[in-house]
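The values are calculated or read from the model by the stated rules, or taken from the named source; none is laboratory data. Computed from a predicted model, the values in this text were never measured in an experiment. Glycine also receives a Cβ, built like all others from the backbone with ideal geometry; neighbour counts cover every protein chain displayed. The accessibility values were calculated without ligands, DNA or RNA, using every heavy atom of the protein model including side chains. Shrake-Rupley method; radii C 1.70, N 1.55, O 1.52, S 1.80 Å.
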Amino acid sequence: MGSFLGTGVRFRYHFFGVDMAYYNIEKVVKHNNNEKKSKYKALVRHKQHGKIIFKKQKTFQYKDAATKWAKKMVYDIEHNQQFEQTSLTLVTVGKLITQYIDSLNKGNRPLGRTAQYSLKQTLRYPIAKTSLRAFCEHDIIVFAQHRKEALTKPKPQTIDTDICILRGVFRHAYSLFKYDVDETPFRRAYPTLRRLQLVSKSQNRDRRLEDGEYDLFANALSEYQCSAKSNIPLYDIFQLSLLTCLRVSELCNLRWVDLNKSNKTIVVRGRKDPQGRQPDSRIPLLSNSFEILTSQPELDERILPVNPRSVTAGFRRVRKSLGIEDLRYHDLRREAASRLIEQGYSLNQVAILTGHKDLKILHNIYINLRPEALF
């Protein structure tokens, strides 16, 4: 064991055979409003046969705290026999993704459809074969270039979503599997990704039903629902989407037991939220939405026992037959919220139906008022 002092940096080495665990403490000085503020960054590495198989860093306000943490990490590496089993050399990005998908799908909140599709798609690219030990920002850049060259020609916004989802896997790698990786490669990669225009943020959509489109859809969906083509009440769901502001998944999850016929309200279960699922919320059934719901046959515990994906697929087929472009089913949620505002409801009142806690998000993303509505 030995130690020496460098320029503001202290190293401590532990030698054992061909293995070596060591740490260094670095003083980091930041200037903020003409004031100097010092912090101490502790970095721990572990080498085997000359290759780094483990590294972790953490920043502290005090040098003593940084040194104490680093010493404990080195001690744990020397004495933890399970460390060999989680060597970053032996684990690939693909293995981490697979374990992450399996772990989340066994929990109370399974991985979402978009994230699951994105991660399974990532498994088909060379990045999946990269070991966690060797993983760096260059691998992210190459992955983005591969995605850009794909046959589907994804937009920079789509590539950005794929990288953000992969970044989330790395964010939870240690807490779930004790793989000591972090998001540093992603932070370092983003300036280059933007410089090469491989990624960009999605622009807020403002699409609403244009003149005549409502009547076209209403007639076509009514015919579709009455025909033998499908057993999905597509017209009723279309109308409910415009009256309740609910997502199609929320509509298809409404239950008879949650319907209060005396005051015409219903409980919406498991509403979507960026930080997790919101508590169940009760919303009013405005206009004739109550009559539409109660007219459904009681075939299941759900009022509309259909797959949301089947609803959106049927909507796309009808939209294509009408020759209408650039209208997604989710745009109906914006149409519904905007209509309520135009009818005189306040943002707070509309938020009861949409489920938004942040009124700024509701206003910026889901409200698109027409100038003529002001007259």
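Summary table
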item: Which listed residue is in a loop (DSSP other than H, G, I, E, B) and surrounded by fewer than 15 Cβ atoms within 10 Å (Cβ to Cβ), from 204, 219; result: 204
item: Condition check for residue 21: modelled with pLDDT of 90 or more and either among the aliphatic types (A, V, I, L, M) or under 22 Å from residue 175 (Cα atoms) (or both); result: no
item: Cβ-Cβ under 8 Å pairs, at least 6 apart or on other chains, the range 254-274 side of a type in the set (A, V, I, L, M, F, W, C) and assigned to a helix (DSSP H, G or I), far side surrounded by fewer than 14 Cβ atoms within 10 Å (Cβ to Cβ) and modelled with pLDDT under 95; result: 256/298
item: Qualifying residues in the range 311-331 (those that are of a type in the set (Gly, Ala, Ser) and in contact with a helix residue (DSSP H, G or I) (Cβ under 8 Å, 6 or more places away or on another chain)) - the one least open to solvent (accessible area, probe 1.4 Å); result: 314
item: Residue within the range 103-110 that is modelled with pLDDT under 95, in contact with a Pro (Cβ under 7 Å, 6 or more places away or on another chain), open to solvent by less than 60 Å² (accessible area, probe 1.4 Å) and more than 15 Å from residue 164 (Cα to Cα) present; result: yes
item: Only listed residue being without any contact (Cβ under 8 Å) to a residue 24 or more places away in the chain, over 19 Å from residue 235 (Cα atoms) and surrounded by 15 or more Cβ atoms within 10 Å (Cβ to Cβ), chosen from 347, 353, 340; result: 347
item: The range 201-223 residues that are of a type outside the set (Val, Ile, Thr), paired with ones that are open to solvent by 80 Å² or more (accessible area, probe 1.4 Å) and in a loop (DSSP other than H, G, I, E, B) (beta carbon under 8 Å, 6 or more apart); result: 205/328; 207/326; 207/328
item: Some residue of the range 33-48 being among the aromatic types (Phe, Trp, Tyr) and either open to solvent by 80 Å² or more (accessible area, probe 1.4 Å) or modelled with pLDDT under 85 (or both); result: no
item: Residue within the range 356-365 that is within 15 Å of residue 207 (Cα to Cα) and free of Cβ contacts under 8 Å to residues at least 24 places away in the same chain present; result: yes
item: Total residues in the range 67-102, condition surrounded by 17 or more Cβ atoms within 10 Å (Cβ to Cβ), of a type in the set (Val, Ile, Thr), within 28 Å of the chain's Cα centre (by Cα) and at pLDDT 85 or above; result: 5
item: Some residue of the range 193-200 being in a loop (DSSP other than H, G, I, E, B), farther than 28 Å from residue 362 by Cα and within 23 Å of the chain's Cα centre (by Cα); result: yes
item: Any hit, the range 296-304, residues being β-branched (Val, Ile, Thr) and touching an Asp or Glu at 6+ places or on another chain (Cβ under 7 Å); result: no
item: Options 287, 262; residue that is open to solvent by 60 Å² or more (accessible area, probe 1.4 Å), within 25 Å of residue 347 (Cα to Cα) and over 29 Å from the mean Cα position of the chain (by Cα); result: 287
